[in-house]
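What follows is a short report on a single structure.
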Amino acid sequence: MYMSRERRQYILRLLEQRGSIRTSALARELGVTDETIRTDLVDMQALGLLQRVHGGARYSMPAAPATEDSPRLDVQLAQLVAAHIHPGARIYADAGPMARVLATQLADKPCTFITASPRLVTALAPAAIQHRVICTGGELDKQAGIFTHANPEQVMQELQPDFALLCPAALAPEHAAYRHAAQAIWAQAAAACAPRTLMPVPSAVLTNTAPHRAQLHNYTLFTEDNVPAEFEGIPTETVPYITETSFNEPEY
């Protein structure tokens, strides 16, 4: 018998990485029927874990803090990060969904989010969200989806973040890498200024590559527990790694 809980965790991992999935492709990948996957997606949508679309499903942001046993990787990583952040902290946050997920986990610890991402500013704008939001401003790089600035280092020194929350496309022990130069420039400026850098990423990011680098001096890594050997010595907190091979084990 397949282990439905682990299978659904894996589905969420894929959605968090890819943004969307197709039912037929997922059924082939996991060796189950299309109907099994459709049942999974119906049940997961009822729990607010995803949004069903024709032929598959789409990533959905969590609407509220989750329980400790949440199957969502993004929520699990955000929970680990949230334990390190004190109320009132000033957090520089990369563009991307992780900052929005973290904001839900910090609902009882209002903070100040600093960002160059207009999308994150919009996401945190509702009055019901207690966090303050500071936009770095500048000229909008439409390809990267963030603002650029002539002197990001000066901006970070003036705003004085307590934490740099970075979610790069690729990560090596000495640097984070991004698909767009503007992202890497802001990340390096924030990491250089903030006393602590927090890096919540899926383990796949640890084997990815991307063209634009931000040098790192020290950081805490939050990821799945299949960390490559070269990251030995990096302070790391992990959650269980779920793969399709998990589903071939019998359920007792």
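If a residue has to be in contact with an Asp or Glu (Cβ under 6 Å, 6 or more places away or on another chain) and modelled with pLDDT of 95 or more to count, how many in the stretch 196-232 make the cut?
So the count comes out to 1.
Hey, can you tell me all the residues within the stretch 79-99 that are in a loop (DSSP other than H, G, I, E, B) and either on the phi > 0 side of the Ramachandran plot or surrounded by fewer than 21 Cβ atoms within 10 Å (Cβ to Cβ) (or both)?
Once the filter is applied, which keeps residues that are in a loop (DSSP other than H, G, I, E, B) and either on the phi > 0 side of the Ramachandran plot or surrounded by fewer than 21 Cβ atoms within 10 Å (Cβ to Cβ) (or both), the stretch 79-99 yields ALA83, HIS84, ILE85, HIS86, PRO87, GLY88, ALA89, GLY96.
Can you tell me how many residues in the stretch 1-53 are under 26 Å from PRO168 (Cα atoms) and open to solvent by 60 Å² or more (accessible area, probe 1.4 Å)?
5
Consider the stretch 117-141. How many of its residues are surrounded by fewer than 13 Cβ atoms within 10 Å (Cβ to Cβ) and modelled with pLDDT under 90?
5
Could you tell me whether PRO65 is modelled with pLDDT of 85 or more and more than 22 Å from TYR241 (Cβ to Cβ)? Give the derivation first.
Working: modelled with pLDDT of 85 or more: no; more than 22 Å from TYR241 (Cβ to Cβ): yes.
Against the criterion (modelled with pLDDT of 85 or more and more than 22 Å from TYR241 (Cβ to Cβ)), PRO65 does not qualify.
Given the stretch 156-245, what strands (runs of 3 or more DSSP E) lie entirely inside it while holding 2 or more residues that are touching a residue at least 24 places away in the same chain (Cβ under 8 Å), surrounded by 15 or more Cβ atoms within 10 Å (Cβ to Cβ) and of a type in the set (Val, Ile, Thr)?
It comes to 220-224.
Find all pairs meeting these conditions: Cβ atoms under 7 angstrom apart; at least six residues apart or on different chains; first residue within the stretch 54-75 and open to solvent by less than 30 Å² (accessible area, probe 1.4 Å) and among the acidic types (Asp, Glu); second residue modelled with pLDDT under 80 and not in a strand (DSSP E or B).
ASP74/GLU16
Tell me, which residue of the stretch 1-59 that is of a type in the set (Ser, Thr, Tyr) and more than 18 Å from the chain's Cα centre (by Cα) is farthest from PRO200 (Cα to Cα)? Break it down into steps so the answer makes sense when it comes.
Here is the first cut: in the stretch 1-59, the residues of a type in the set (Ser, Thr, Tyr) are 2, 4, 10, 20, 23-24, 33, 36, 39, 59.
Imposing the further condition that a residue be more than 18 Å from the chain's Cα centre (by Cα) reduces the set to 2, 4, 23-24, 33, 36, 39.
On the way: TYR2: 30, SER4: 26, THR23: 28, SER24: 30, THR33: 33, THR36: 31, THR39: 30 Å.
Checking each candidate, the answer is THR33.
Could you grab me the full set of residues in the stretch 196-222 that are farther than 15 Å from VAL239 by Cβ, of a type in the set (Gly, Ala, Ser) and out of contact with any Lys or Arg (no Cβ under 9 Å at 6 or more places or on another chain)?
Matches in the stretch 196-222: ALA214 only.
The values are calculated or read from the model by the stated rules, or taken from the named source; none is laboratory data. Keep in mind it's a predicted model, so treat the numbers as computed, not measured. Methodologically, a virtual Cβ is constructed for each residue, glycine included, from the backbone with ideal geometry; neighbour enumeration extends over all protein chains shown. Remember, those area values only see protein heavy atoms, side chains included, never the ligands or the DNA or RNA. Shrake-Rupley method; radii C 1.70, N 1.55, O 1.52, S 1.80 Å.
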